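Novice: Once you've had a glance at the structure underneath, I'll fire off some questions.
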Amino acid sequence: MSRSEAAGLRTYEVRTYGCQMNVHDSERLSGLLEDAGYVRAPKGADGADVVVFNTCAVRENADNRLYGNLGQLAPKKAERPGMQIAVGGCLAQKDRDTIVKRAPWVDVVFGTHNIGKLPVLLERARIAEEAQVEIAESLEAFPSTLPTRRESAYAAWVSISVGCNNTCTFCIVPALRGKEKDRRPGDILAEVEALVAEGVSEITLLGQNVNAYGSEIGDREAFSKLLRACGRIEGLERVRFTSPHPRDFTDDVIAAMAETPNVMHQLHMPLQSGSDTVLKAMRRSYRQDRYLGIIDKVRAAMPDAAISTDIIVGFPGETEEDFEQTMHVVREARFAQAFTFQYSKRPGTPAADMEGQIPKEVVQERYMRLVALQEEISWEENKKQVGRTLEVLVAEGEGRKDDATHRLSGRAPDNRLVHFEKPAEAVRPGDVVTVGITYAAPHHLLAEKPALAVRRTRAGDAWELRNAAPAAKPVGVMLGLPTIGAPAPVPAAAPGCGCD
């Protein structure tokens, strides 16, 4: 029996699927539950009292995955009186009327616009002894106004906008998350400053279309101004952002990246296809020349920039010639990394009903060719790092084999993953270790010689404090409405959902 069970406390578990927006939303869901008196279930525990699914609707098989997981929980719930199951996120927003029909043991269904209602809905379901389904059609509160349980003591997501104004034919996200809503710059910077005050040294500015920030107020340079403002925050060592759209990628953003010392020379910019014909069918508002032109400008201003992307293979109507255009862009752009996806129908999107759906075997064959090319390029680009001296921000959980190899892992300024020999002195996640790169693989770098320097940081202090301090005593299970306010002052998933 765990300590929380012995104390009679209600435990929770949040299971997250999808992009960084969902990961960040899950931090809010955890914060809301803990604010209401729940405690996180220990890892490896047999089951939590409340299980929350934060879902994604981007992939075609998202619903099958959800209902499979719900089915596995049904017998556990039958054996545990009082256990509750909640389903939120994009799939809940889309399938609001069918989840409880297909899985009647679900207690709560909530959408992307009203995550703040979760504790209240759980309490209503407990009292009424029936499912509570509540889906808001528009954003009720900007997510960053809700309590938060940050997953990291040294790196944090900071949401600057939600929603999307684009109409890409393969993407259902705008229909589920709504039109873009921008957060006030002052509120964003106040959150960043509060995070830095608590020890965070790296932040990632987050938006469905992050560099369209400012469109609501008509300021086309709002995003570059925000980057420069982050550069003036003392103690903030690394600033990243994801994911920008080529349509909105302007020269002032490139200048801000190049001229602001703490903005990392790393760019994740979705390509999706290198074919102008396919881009038009996708309703992507740029063409191959425009995309490669941005890459050229970025490299001219920041020769050391590491650029990554998202690519969809097998979009309806894609010919072999179209696919070769994608391969051409990959060769020209020389991405450090590419997140490649085989096209799958998103129910409710225009592309799902398009003619010219590509046979699975053709998509698979093209996909394998693209992956092989990108692996070759990634390895060649990583080999250029051998012999360089890099400052690595020590990370937690990045190296799956670290215990066996007696190494530590972390991220270089350009976000490349680095495994390095464990220094003689104690090193904590959030600290910075200077290493010399001795070997490169397609997806990581190795520093096989002793570290050149170790810098203990406030971020490392924050990690140590979080892991040394006993858990705060919960306030007990709420009997009424939860308290909701600004988050107390105190990150990489696969980038985006393939639709930016």
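Novice: Looking at Val51, is it open to solvent by less than 30 Å² (accessible area, probe 1.4 Å) and not in a helix (DSSP H, G or I)? Spell out the reasoning first.
Specialist: Details: open to solvent by less than 30 Å² (accessible area, probe 1.4 Å): yes; not in a helix (DSSP H, G or I): yes.
When the stated conditions are applied, Val51 passes them.
Novice: Another question about this same structure. Within the stretch 7-48, take every residue that is at pLDDT 85 or above and of a type in the set (Lys, Arg) and give me the one that is least open to solvent (accessible area, probe 1.4 Å).
Specialist: Arg28
Novice: Looking at the stretch 282-292, can you tell me whether even one residue there is open to solvent by less than 10 Å² (accessible area, probe 1.4 Å), at pLDDT 95 or above, hydrophobic (A, V, I, L, M, F, W, C) and closer than 20 Å to Gln337 by Cα?
Specialist: Checked against the condition, which is being open to solvent by less than 10 Å² (accessible area, probe 1.4 Å), at pLDDT 95 or above, hydrophobic (A, V, I, L, M, F, W, C) and closer than 20 Å to Gln337 by Cα, the stretch 282-292 yields no hits at all.
Novice: Would a scan of the stretch 156-178 turn up a residue that is surrounded by fewer than 18 Cβ atoms within 10 Å (Cβ to Cβ) and not in a loop (DSSP other than H, G, I, E, B)?
Specialist: Yes; the residues of the stretch 156-178 include at least one that is surrounded by fewer than 18 Cβ atoms within 10 Å (Cβ to Cβ) and not in a loop (DSSP other than H, G, I, E, B).
Novice: Out of (1) open to solvent by 10 Å² or more (accessible area, probe 1.4 Å); (2) within 26 Å of the chain's Cα centre (by Cα), the odd one out for Gly317 is which?
Specialist: (2)
Novice: Could you check the stretch 397-500 for strands (runs of 3 or more DSSP E) lying wholly inside it with 3 or more residues that are at pLDDT 90 or above and over 23 Å from the mean Cα position of the chain (by Cα)? Step through it out loud before you land on a result.
Specialist: On the way: elements: 407-411, 417-421, 432-436, 445-447, 453-455.
Correct list: 432-436, 453-455.
Novice: Please tell me if Ala153 is at pLDDT 90 or above, among the aliphatic types (A, V, I, L, M) and in a loop (DSSP other than H, G, I, E, B).
Specialist: Working: at pLDDT 90 or above: yes; among the aliphatic types (A, V, I, L, M): yes; in a loop (DSSP other than H, G, I, E, B): yes.
Judged against the criteria, Ala153 is a match.
Novice: Go through the stretch 55-72 and give me each residue that's crowded, with 19+ Cβ neighbours inside 10 Å, at pLDDT 85 or above and part of a helix (DSSP H, G or I).
Specialist: Selection gives Leu66, Leu70.
Novice: Restricting attention to the stretch 374-392, report how many residues are open to solvent by less than 10 Å² (accessible area, probe 1.4 Å) and under 18 Å from Arg456 (Cα atoms).
Specialist: Of the residues in the stretch 374-392, 1 are open to solvent by less than 10 Å² (accessible area, probe 1.4 Å) and under 18 Å from Arg456 (Cα atoms).
Novice: Considering only the stretch 332-344, state which residues are part of a loop (DSSP other than H, G, I, E, B) and within 22 Å of the chain's Cα centre (by Cα). Spell out how you get there, then give the answer.
Specialist: Restricting attention to the stretch 332-344, the residues satisfying the condition of being part of a loop (DSSP other than H, G, I, E, B) are 334-336, 343-344.
Matches in the stretch 332-344: Phe335, Ala336, Tyr343, Ser344.
Novice: A further question follows. Being of a type in the set (D, E, K, R) and over 17 Å from Val87 (Cα atoms) narrows it down to one residue among Asp35, Asp49, Asp25; which is it?
Specialist: Of Asp35, Asp49, Asp25, the one residue that is of a type in the set (D, E, K, R) and over 17 Å from Val87 (Cα atoms) is Asp35.
Novice: Which condition number does Phe339 fail, the rest of (1) under 26 Å from Ala57 (Cα atoms); (2) open to solvent by 70 Å² or more (accessible area, probe 1.4 Å) being met?
Specialist: That leaves (2) as the condition not met.
Novice: Moving on. Could you count how many residues in the stretch 342-373 are buried (at least 16 other Cβ atoms within 10 Å of the Cβ), in contact with a Gly (Cβ under 9 Å, 6 or more places away or on another chain) and among the charged types (D, E, K, R)?
Specialist: Adding up the residues that qualify gives 1.
The values are calculated or read from the model by the stated rules, or taken from the named source; none is laboratory data. Everything numeric here is computed off the predicted structure, so don't read it as measured data. Glycine also receives a Cβ, built like all others from the backbone with ideal geometry; neighbour counts cover every protein chain displayed. All accessible areas refer to the heavy atoms of the entire protein, side chains included, with ligands and DNA or RNA removed. Shrake-Rupley method; radii C 1.70, N 1.55, O 1.52, S 1.80 Å.
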